[in-house]
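The values are calculated or read from the model by the stated rules, or taken from the named source; none is laboratory data. Owing to the predicted nature of the structure, the values given are computational and were not obtained by experimental measurement. For neighbour counting, all protein chains shown are included, and Cβ atoms are generated from backbone atoms with ideal geometry for every residue, glycine included.
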Amino acid sequence: MLDYISKLDRALVPPEGGARSIALLGSTGSIGRSALEVLRLHPEKFRVRALAGARNIPLLAAQAAEFRPDYLGLMAEDDISRLRGLLPADFNPVILSGREGYERIASLAEAEMVLSAQAGAAGLRATYAAAAAGKIIALANKESLVLAGGVLRAACARSGAVILPVDSEHNAVFQCLAGGIAARRDGTGQTQSGVSRLILTASGGPFWGKTREFLKTASPEQALDHPNWSMGAKVTIDSATLMNKGLELIEAGQLYGLPMSALEVVVHRESVVHSLVEFCDGAQLAQFGRPDMRIPIAYCLGFPHRLGSGLPGPDLPALGALTFARPDAENFPCLALARRAQERGRGCPVVLNAANEEAVAAFLARRLAFTSIPLVVEHCLDEHWERVAGEAGRGDGQVSGLSDAGPEDAGRLGRVGKNAPDRYADAAGERAAVEGIFALDALARSRAKEIIETLPRSI
Ligand code: MG
């Protein structure tokens, strides 16, 4: 297991009777709103120091009036006066804007914990700032790990930051492992977990079981109609293509230090089992719960203690039966694309994510057919790989700053990119790697946009 996940010897419990101070990035999004619902249940245990929401200014103002944080963050500087005008007259917090504002909020001295719940690749900068500043990070932004798992691992090792996974599957794994992570060390500093593989469950999304013909003409409205989970638009489309599960495979590999060969996906339509851990003796532990993000959020916010989430457990007799199936690789190729990207490493996960974000945006704008989303991603990935292989001669060289996330030389249960924590000499090296990742991200986006123009539009 990774050091930064297992470094639970750090005192994560607030002083006796003290409240945990927290900054929420992405407070107006789906995860942020669920987190505030949990915080509302435990006012004595938390002090909200900062709230940041990109665009929904009225909601951010309402949250601010309720929780009275010292700092507020938003994306556009032009929105500051509008936000100020919506706040109560007797309330005058510091308002920060833009990328720098988010990074400052992520590293505030006043906040011990940071909820990183921004949408998309943009969330990486603030997550990195929190990691560099030694925070306890409740991480909901999976792109941070997909793009820069190695950089974050290095930053956490240097600063003592800890990452607690909010994503429901990874949180389920974390819950199944929590009893053993901190306790079982063999004297060499290595955690002896006996884990043989992780099994991530997938709901299958709204299009599970549909025919190829149906998928070709699927509309954004149909794709946004998720059977179990209520989430933002981007992640709901990713759930329909199964790219969400692909990104989660990469996320799990980075969080738990496992290669793709130790990670499996099982389709589980009821979304009651949120993931499983299989141990070397063949035992599997699973976490059951209603499909509601308040449960994993509450587990992270209160960790190592459990907090009420406001929800009861699932009513198993009412459910009657739970079903499990293998993913349909033919109709949902994004899963295999994500595996390939992570196995290749060298910037491939960055390209995968960027091409997918552009393809999803084009699908939502009816400029791309649903079945063309994986085509865009595959095209961009193959082009990138050809270029990387060409630059490296035999395809085994390193691309400066982009060689993060290469598990291919790790043993089956070895750490992903085992030299990663030592790869960056200092914080400046880590920051340069993050900028390198965003440079590749921008390149991949512009290429994806060109490719999208050549493909059929959605109906
Ligand atoms: Mg998830």
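Here are the numbers for the structure shown:
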item	result
Subset of region 39-61 (residues that are touching a residue at least 12 places away in the same chain (Cβ under 8 Å) and more than 22 Å from Ala130 (Cα to Cα))	Leu41, His42, Glu44, Asn56, Ile57, Pro58, Leu59, Ala61
Residue, nearest to the chain's Cα centre (by Cα), within region 268-285, restricted to residues that are within 14 Å of the ligand (Cβ to nearest atom), under 26 Å from Ile373 (Cβ atoms) and surrounded by fewer than 24 Cβ atoms within 10 Å (Cβ to Cβ)	Ser271
Any hit, region 403-414, residues being at pLDDT 95 or above, closer than 29 Å to Ala131 by Cβ, hydrophobic (A, V, I, L, M, F, W, C) and out of contact with any strand residue (DSSP E or B) (no Cβ under 6 Å at 6 or more places or on another chain)	no
Qualifying residue in region 243-257 (condition: closer than 17 Å to Cys176 by Cβ and either without any contact (Cβ under 8 Å) to a residue 60 or more places away in the chain or over 18 Å from the mean Cα position of the chain (by Cα) (or both))	no
When residues of region 245-267 are limited to those that are small (Gly, Ala, Ser) and away from the ligand (no atom under 13 Å from the Cβ), the one modelled with the lowest pLDDT	Gly257
Members of region 21-43 found to be modelled with pLDDT of 95 or more and over 23 Å from Arg84 (Cα atoms), listed by number	Ser21, Ile31, Ser34, Ala35, Glu37, Val38, Leu39, Arg40, Leu41, His42, Pro43
Search result, residues across region 191-226 that are more than 23 Å from Ala361 (Cβ to Cβ) and in a strand (DSSP E or B)	Thr191, Val195, Ser196, Arg197, Leu198, Ile199, Leu200, Thr201
Where a residue in region 361-378 is farther than 20 Å from Glu213 by Cβ and its partner, wherever it lies, is of a type in the set (Lys, Arg) and outside any helix (DSSP H, G or I), with Cβ under 8 Å and at least six apart	Arg367/Arg457
Scan of region 212-244 for residues that are closer than 17 Å to Glu270 by Cα and more than 16 Å from the ligand (Cβ to nearest atom), ordered by number	Asp225
Residue check for Ser144: crowded, with 24+ Cβ neighbours inside 10 Å, under 18 Å from Ala354 (Cα atoms) and within 16 Å of the ligand (Cβ to nearest atom)	yes
Subset of region 227-249 (residues that are of a type in the set (A, V, I, L, M, F, W, C) and either surrounded by fewer than 17 Cβ atoms within 10 Å (Cβ to Cβ) or assigned to a loop (DSSP other than H, G, I, E, B) (or both))	Trp229, Met231, Ala233, Leu242
Identity of the residue in region 169-181, among the small types (Gly, Ala, Ser) and surrounded by fewer than 24 Cβ atoms within 10 Å (Cβ to Cβ), that ends up nearest to the ligand (Cβ to nearest atom)	Ala178
Among residues of region 340-370, those that are surrounded by fewer than 20 Cβ atoms within 10 Å (Cβ to Cβ) and assigned to a helix (DSSP H, G or I), counted	4
